[in-house]
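Below is one structure, written out as structure tokens; the observations come after it.
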Amino acid sequence: MEDLFTARFARGDRKHALVHLRAVPSHKTHHSSTFRAGLALGLGFSALIDGILRCSQQQTRSAIPSWETLLYIYGIFQVPTLFAVLVGTNIFIWKATRINYVFIFELDTRTLLDHRKYLEVRY
């Protein structure tokens, strides 16, 4: 694979090709970003469960006018959040199974975010 990339895209310069193919190993700790992302996900998940339980009560539906419209609006805001959680999960699984998603999606290794930083920035 490296030889093919070197021949086709780096014009035979193996050193230049390996710079693009190999990610720079970083040995940073992610304790604070993991804590903040976990806190945001935990609070958001518990609020979601509470909202679902309150939505199922008939007295809540009758107390709020235009209930269906509000649920539609909340659903619109929920889609990007769900998408971000799924992308973060995909990044985690790709990293755990050693899939080179950086090469597949042609991402810049200098500005690459791992799943912890991605979820922290998202929330």
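The values are calculated or read from the model by the stated rules, or taken from the named source; none is laboratory data. Note that the structure is predicted; figures quoted are calculated from it, not measured. Cβ atoms come from the backbone with ideal geometry, glycine included; neighbour counts cover every protein chain shown. For the accessible areas, the whole protein counts, side chains as well, though only heavy atoms, and no ligand, DNA or RNA atoms are used. Shrake-Rupley method; radii C 1.70, N 1.55, O 1.52, S 1.80 Å.
Would you pull out the residues with amide H under 5 Å of N100's amide H, same chain only if 5 or more places away, H placed 1.01 Å from N?
Amide H neighbours of N100, under 5 Å, 5+ apart: none.
Tell me, what is the percent relative contact order of the chain, built from C-alpha pairs under 8 Å that lie six or more residues apart?
Rounded, it is 33 percent for the chain.
Just to confirm my numbers, what's the Cα centroid distance between region 90-123 and region 38-87 in Å?
What the calculation gives is 28 Å, centre to centre.
I need the trypsin sites (Lys or Arg not before Pro) found in region 66-123, filtered to DSSP loop residues with at most 13 other beta carbons within 10 Å of theirs.
The qualifying sites are R98.
Taking only complete DSSP H runs, can you tell me which helices of the chain stretch 27 Å or more along their own long axis by Cα positions and average at least -0.5 on the Kyte-Doolittle scale?
Helices meeting the span and hydropathy rule in the chain are 31-55, 67-96.
Using only DSSP helix segments of four residues or longer, with each worth -39500 (n - 2.57), what per-residue ellipticity at 222 nm results for the chain after dividing by its residue count and rounding to 500?
Only helices count here, giving -23000 deg cm²/dmol.
Less than 25 Å apart at the alpha-carbon level, and either on another chain or at least 8 residues along: which lysines does that give for K28?
Partners within reach: K95, K117.
State the percentage of accessible surface on region 20-92 attributable to carbon and sulfur atoms; use a 1.4 Å probe and exclude ligands, DNA and RNA.
69 percent
Treating only the Cβ of Lys, Arg, Asp and Glu as charged (+1, +1, -1, -1), what charge dipole size does the chain show about its Cα centre? Round to the nearest 20 debye.
For this selection, approximately 360 debye.
Regarding region 27-123, what's the average projected area of the Cα-atom convex hull, expressed in nm²?
Seen from a random direction, the Cα hull of region 27-123 projects 8.1 nm² on average.
Please work out the average accessible area per residue across region 50-109, using the 1.4 Å probe convention, and give it in Å².
Roughly 81 Å² per residue, with all protein chains present.
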